[in-house]
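**Q** Can you keep this structure in mind? I'll have questions shortly.
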Amino acid sequence: MAKLKESGPAWTVAALAALAHEHRLAAYRLLVEAGPAGIAAGEIAEKLG
């Protein structure tokens, strides 16, 4: 994919398209819930199966 400016409709559509996959969205939700402290990759894998 071509590099997009980090603003504007094209960037927004590309970002949302990346989250359109069920497992990516689940991982994103875990990261948001963890907040600035983050979450270990192993814990993400464990929670997502």
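Just so it is clear, none of the values below were taken in a lab; they were calculated from the coordinates. All values reported here derive from a predicted model rather than from experimental measurement. Note that we place each Cβ from the backbone using ideal geometry, even for glycine, and neighbour counts take in every protein chain shown.
**Q** Along the charge dipole of the chain, which of ALA17, ILE39, ALA27 sits closest to the positive end, that is, farthest toward it, with unit charges on the beta carbon of Lys, Arg, Asp and Glu (+1, +1, -1, -1)?
**A** ALA17
**Q** Ranking request for peptides 18-28, 33-43: highest mean number of other beta-carbon atoms within 10 Å first, then the rest in descending order.
**A** In descending order of packing, they fall as 18-28, 33-43.
**Q** Which whole-Hz ³J(HN,Hα) couplings does segment 32-43 yield from phi under the Karplus relation 6.51 cos²θ - 1.76 cosθ + 1.60, θ = phi - 60°, glycine and proline marked x?
**A** 5, 5, 5, x, x, 5, x, 8, 5, 4, x, 5
**Q** Return the calculated 222 nm mean residue ellipticity for the chain, to the nearest 500 deg cm²/dmol, obtained by summing -39500 (n - 2.57) across DSSP H runs with n ≥ 4 and dividing by the residue count.
**A** Roughly -19000 deg cm²/dmol at 222 nm, from the helical runs in the chain.
**Q** While we're here: Under the Kirkwood approximation applied to all pairs of distinct alpha-carbon atoms, what is the hydrodynamic radius of the chain in Å?
**A** 12.3
**Q** What length, rounded to one decimal in nm, is gained on full extension from HIS23 through to SER7, with 0.36 nm per residue of separation minus their alpha-carbon distance?
**A** Contour length minus Cα-Cα distance gives 3.3 nm.
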